[in-house]
Amino acid sequence: MGMRARMADLGSALAPVAAGMGVMAAAAAVLVPVLSGAPAIPPRPHVPEPPRTAVAAPAATGCTEENAAESLRPSDADGDAVQRIKKAGRLVVGVDQNSYRWGYRDPDNPRNLIGFDIDLAKAIAKDILGPHPHIVYRAIPTNQRIDAVRQRRVDMVVRTMTINCERKAQVAFSTSYFKAGQQVLAPKRSSIDAFDDSLRGKKICTARGSTGEQQLKREDHGAAVMTVPNQLDCLVRLQLGEADAVVTDSALAAGQAAQDPTVELKGEPFSTDMYGVAMNKEDEDLVRRVNKVLEEYREGGADSPWTHAYDKWLKADLPGVSGPPAPQYSD
Amino acid sequence: MSYPPTGSAAPPAPPPAPEPAATGTPGAEPPPPSGERAVWAEGLRRLRAAATTEPGRLRIIGAVLAALVVLFGALTAWQVTDRSAAASDVLESSQPLSRDAADIYRSLADADTTAAGGFLAGDRESAASRKRYTDDIATAARLLVRASANSQGSATAREEIERLNNGLPRYTGLVETARMYNRQGLPVGGAYLQYANDRMRTQLLPAARRLYVTETGRLDADHDDATAWPWVALAAGVLAVGGLGWAQRRTYLRTNRVFNRGLLIATAASAVALLWTVGGHAVARAGLDDSIEHGARSLRVLNEARIATLQARGDENLTLVARGGKVTGPDQRDFYEVEYAAGMRDLAGTGQGSDAAVGGKLREALALADDEAGRAPVRDALKNVREWQSRHAEARAENDRGDYQGALAKVIGTDRPTKESFDKVEAALQQALRHEQAQFRDAAEGGRRALTGLAGGAAVLAVLAAAGAVLGIGRRLSEYR
C-alpha cells in the first residue's frame with residue numbers, strides 16, 4: 001500500500017518543527033546549498049525517499065514549514081506541458097489503488113478506480129482535455145512517486161502526497177487540496193480518547209518509519225509501541241486484538257475507520273500535513289493550470305465540487321472538516 | 001518395522017546348549033563349594049591338572065573351539081538383526097516420516113501460494129483453486145497427526161509438530177478473513193493476506209522445515225546403523241576359523257592325520273557363515289548407500305527446489321496484492337519482488353540466459369540424478385524456470401508502468417501467464433520426485449533383501465560348527481581310551 005513512505009513524508013514535514021525546537025537550525029544552513037535551482041535532468045534521487053530524520057531542510061530554495069505549501073499563481077495559459085498533454089490526447093495520472101476512500105478499486109467493478117483523489121484527477125483532466133477526457137491511471141507504489149514524475153512516466157501524481165521541502169527540491173507541487181494530521185484511531189468502546197495519557201499501558205500500532213513512529217518516540221504517553229510495514233497492517237492488528245490503538249495520519253485513519261465500523265478517530269490531529277498534486281519541476285504551466293482547476297474546485301462553499309467530493313468519500317469517517325485549506329502562493 | 005529381528009533373534013538361543021556339554025568335561029564333578037572363591041580355586045586347580053595330560057588338553061581345546069564358534073554365531077545373529085532392523089526402519093519408518101515431513105512442508109507452502117493466487121483472482125477464483133487450498137490444509141493437518149503418532153522419540157519433532165498444530169488454525173483464520181474482506185472490496189483484505197503470509201513465512205514454514213530436517217536426520221542415522229560393518233561378529237568369526245585351523249594343524253603335527261572330519265565340518269560351516277556375513281553386508285551396504293546417494297539426496301534437493309518454487313510463486317502473487325506497500329532495504333525495494341528474485345536465484349542460480357546458470361537447486365538436482373529418466377524432468381523444470389523469469393520480467397514492466405491490469409493478466413491471465421510456467425515447473429519437479437522416490441525404494445529394498453536369512457543362517461551354521469568341533473575332538477579323545 002505504500003503508506004509507509006507517505007508517513008515518512010510527514011516526518012520531513014515535521015522536520016522544521018524539530019529545527020524550531022532548536023536542534024537543527026545551524027545544520028540546515030550548512031547542509032543545504034546542494035539542492036538549489038531546478039536541474040534540467042536531475043541526478044538520481046538526491047534525497048532518499050523515506051526521510052527518516054529531520055535533516056537538511058533545503059533552505060536554499062527558501063522553503064520552510066510555513067511556506068512549503070506555497071505554489072505558483074493560477075493561470076489557464078497553455079504552455080509546453082499543457083500542449084504536450086493535449087497533443088497526446090490523454091492525461092497520465094499516478095494514483096494509489098489501495099487507499100480506501102482516496103484511490104482504490106471499485107468493489108462493484110474492480111477495473112475502475114474511485115475515490116477523492118480520483119475525482120480530483122478527473123476534474124483536472126476535464127479542464128485540460130474537455131468533457132470526456134482520456135485518463136490513464138497508473139498505480140504507482142509509494143516509493144516510485146517521485147521517480148515517476150521526474151522520469152515523466154506520468155504527467156502528475158494525485159496520491160495523498162504530503163507537500164514538504166525535501167520533496168519540493170525534486171518535484172513541483174500544486175496548492176494544497178487537503179489538510180490532514182496525525183491522529184489516534186481506536187475502537188469506539190475503548191477508553192483511549194486522544195493522543196494523551198489515556199494511552200498509558202496500551203499497545204499502540206504505527207507504520208515503521210512513519211511520522212507516527214517518530215511522534216511516539218518523542219512522547220509515548222506510557223504506551224508500548226508496535227511497528228508494522230504499513231499503516232493498514234495496524235487495522236489488522238487492532239482487529240486481532242494485538243494492538244489497542246493506531247497512530248497514523250487522519251486521512252488514512254479515516255480509510256481504516258471506513259473499513260471497520262467499530263473503530264473511530266479519537267481526539268484532534270496533533271500535526272499538520274498538506275496534500276498536493278505533484279508534477280515535474282519543468283512543467284510550470286501545468287502547475288499553474290492545476291492551481292486554476294483547484295481554485296474552481298474549491299469555489300462555491302457547501303456547493304463546491306470539493307465539498308461534494310468530501311461529502312461523498314470522507315465525511316462519514318473524517319467528520320468536522322469545514323472546507324479545503326486556503327491556497328498559498330509564492331509569486 | 002522390526003519384524004526380522006524378533007523372527008531371527010530366536011535361533012541364537014540353541015547354540016549355548018553344547019556349551020555346558022563342552023565345558024562340563026573339565027569341571028564336571030563340582031565339589032561341595034565352601035564359597036565362591038573356593039569354587040574358582042578348585043576349578044583352576046583341576047584345569048591345571050587337566051592341562052598336564054593330552055586328553056585333558058584336548059578337552060579344553062574342544063570346549064574353547066565350541067565356545068568360539070557359538071560366540072561367533074550369536075554375535076553374528078545379534079549384529080545382523082540390528083542392521084536388518086535399521087534397514088527396515090530406513091524403508092518403513094524414517095523415510096516415510098521424512099517424506100511426510102516433506103509433504104507437510106510442501107502442503108503449507110502450496111496452501112500459501114494458492115491462497116495468494118485465489119485472492120488475486122477475487123470472485124473469479126476457480127473451484128479448483130479453492131479445492132487445492134482446502135486439500136493442502138487437510139493434507140497438512142492429517143500428516144501432522146500421523147507424524148505426531150510416529151515421532152515418540154524425538155523431542156524436537158514433537159515441539160515443531162505442536163508449533164505447527166497451533167499455528168495452522170490461526171493461519172487459515174487469517175486467510176478466510178482476508179477472503180471475506182476481499183469479497184467486499186476492502187483493501188484491508190490484502191493486509192490480512194499479507195499478515196497470513198508473514199505468519200507462514202516466519203513461523204509455520206520454518207517449523208515445517210525444522211521438522212523435515214529432524215526427520216531426515218533420523219533417516220541418515222538409520223542408514224548409518226544399517227550400513228555399519230558388524231566388526232565384533234567378524235572378529236569372532238576370524239578367531240573361530242583361526243582356532244579351528246590351529247587345532248587341525250596341531251592334530252596333524254601330533255598324529256600325521258591330515259583330516260579330522262568333525263573339525264573340517266566345523267571349519268567349513270564357520271567359513272561359510274563368515275563369508276556370508278561379509279558378502280551379505282557388502283551387498284546391503286551397496287544397496288543402502290545407493291538409496292541415499294541416488295535416492296534420498298536427490299529427494300532432498302528436489303523437495304527444497306519445490307518449496308523454493310512455491311514460495312517464489314507466492315511472492316510473485318503478493319507483489320500484486322501488496323502493490324508496492326511493503327518495502328525493504330535502504331533503497332525501499334518492493335519486499336515481495338526481492339523475495340521472489342531470491343527464490344528464483346535459489347532455484348536456478350544467478351544466470352539469465354538459457355544455460356548460463358551456475359549454482360541453484362535445480363543444477364544440484366541435475367548433478368545428483370543418475371539416469372536420464374531422472375535428469376529429463378529436472379532439465380524441463382530448469383527450462384520452464386527460465387521462461388517464467390522472462391515472463392515475470394514482462395509482468396513487472398507492466399506493473400512499473402502503472403498498468404496493474406496488464407500485470408495481473410500476465411501473472412494469472414490466460415495468454416502466456418507466468419502461472420503456466422509455474423505449473424510446468426511444479427509438474428516437472430513432481431515427476432522427478434516420483435522417479436527418485438521409486439529409485440530410493442528399489443535400492444533400499446535390494447539392500448535390505450541382502451540381509452534376509454543371514455542371522456538365522458549364521459546361527460544354524462554356528463550350531464553345526466560347534467557340533468563338528470565337539471565331534472572332531474571327541475574322536476581324538478576316544479583314541480586315549
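Residue-wise test of (1) closer than 24 Å to residue A:116 by Cβ; (2) of a type in the set (A, V, I, L, M, F, W, C).
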{"site": "A:223", "(1), (2)": "no, yes"}
{"site": "A:233", "(1), (2)": "yes, no"}
{"site": "A:242", "(1), (2)": "no, no"}
{"site": "A:249", "(1), (2)": "yes, no"}
{"site": "A:253", "(1), (2)": "yes, yes"}
{"site": "A:265", "(1), (2)": "yes, yes"}
{"site": "A:276", "(1), (2)": "yes, no"}
{"site": "A:282", "(1), (2)": "no, no"}
{"site": "A:285", "(1), (2)": "no, no"}
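For (1) away from chain A (no Cβ under 14 Å); (2) in contact with a strand residue (DSSP E or B) (Cβ under 8 Å, 6 or more places away or on another chain); (3) surrounded by 15 or more Cβ atoms within 10 Å (Cβ to Cβ); (4) in contact (Cβ under 8 Å) with a residue 24 or more places away in the chain, each residue gets a yes or a no:
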| site | (1), (2), (3), (4) |
| --- | --- |
| B:374 | yes, no, yes, yes |
| B:379 | yes, no, yes, no |
| B:385 | yes, no, yes, yes |
| B:391 | yes, no, yes, yes |
| B:404 | no, yes, yes, yes |
| B:407 | no, no, yes, yes |
| B:428 | yes, no, yes, yes |
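Name the residues in the stretch A:259-284 that are in a helix (DSSP H, G or I) and surrounded by fewer than 19 Cβ atoms within 10 Å (Cβ to Cβ), would you? Can you show your working first?
Start the filter on the stretch A:259-284 by keeping residues that are in a helix (DSSP H, G or I), which leaves A:259, A:284.
The answer is A:284, and nothing else.
Select from the stretch B:250-269 the residues that are modelled with pLDDT of 90 or more and out of contact with any helix residue (DSSP H, G or I) (no Cβ under 7 Å at 6 or more places or on another chain) and write down the one among them that is nearest to residue B:86 (Cα to Cα).
B:268
When residues of the stretch B:153-210 are filtered for being farther than 30 Å from residue B:97 by Cβ and without any contact (Cβ under 8 Å) to a residue 40 or more places away in the chain, how many remain? Break it down stepwise before answering.
Restricting attention to the stretch B:153-210, the residues satisfying the condition of being farther than 30 Å from residue B:97 by Cβ are B:176-195.
In the following step, the residues that additionally are without any contact (Cβ under 8 Å) to a residue 40 or more places away in the chain were identified as B:176-177, B:180-181, B:184-188, B:191-192, B:195.
Counting residues in the stretch B:153-210 that are farther than 30 Å from residue B:97 by Cβ and without any contact (Cβ under 8 Å) to a residue 40 or more places away in the chain gives 12.
Need a quick list: helices (runs of 4 or more DSSP H) entirely within the stretch A:116-202 having at least 3 residues that are away from chain B (no Cβ under 13 Å).
Values: elements: A:116-129, A:145-150, A:165-168.
Once the helices (runs of 4 or more DSSP H) in the stretch A:116-202 are filtered for at least 3 residues that are away from chain B (no Cβ under 13 Å), what remains is A:116-129, A:165-168.
Would it be correct to say that residue B:399 is buried (at least 17 other Cβ atoms within 10 Å of the Cβ), touching a helix residue (DSSP H, G or I) at 6+ places or on another chain (Cβ under 7 Å), in contact (Cβ under 8 Å) with a residue 40 or more places away in the chain and within 20 Å of residue A:139 (Cα to Cα)?
yes
Quick check, is residue B:134 surrounded by fewer than 21 Cβ atoms within 10 Å (Cβ to Cβ), more than 29 Å from the chain's Cα centre (by Cα) and of a type in the set (Val, Ile, Thr)?
Values: surrounded by fewer than 21 Cβ atoms within 10 Å (Cβ to Cβ): yes; more than 29 Å from the chain's Cα centre (by Cα): yes; of a type in the set (Val, Ile, Thr): yes.
Yes, satisfied.
Which members of the stretch A:203-242 meet the condition of being within 10 Å of chain B (Cβ to nearest Cβ) and among the basic types (Lys, Arg)?
Residues satisfying the conditions are A:208, A:237.
The values are calculated or read from the model by the stated rules, or taken from the named source; none is laboratory data. All values reported here derive from a predicted model rather than from experimental measurement. Here Cβ is always computed from backbone atoms with ideal geometry, including for glycine, and neighbour counts include all displayed protein chains.
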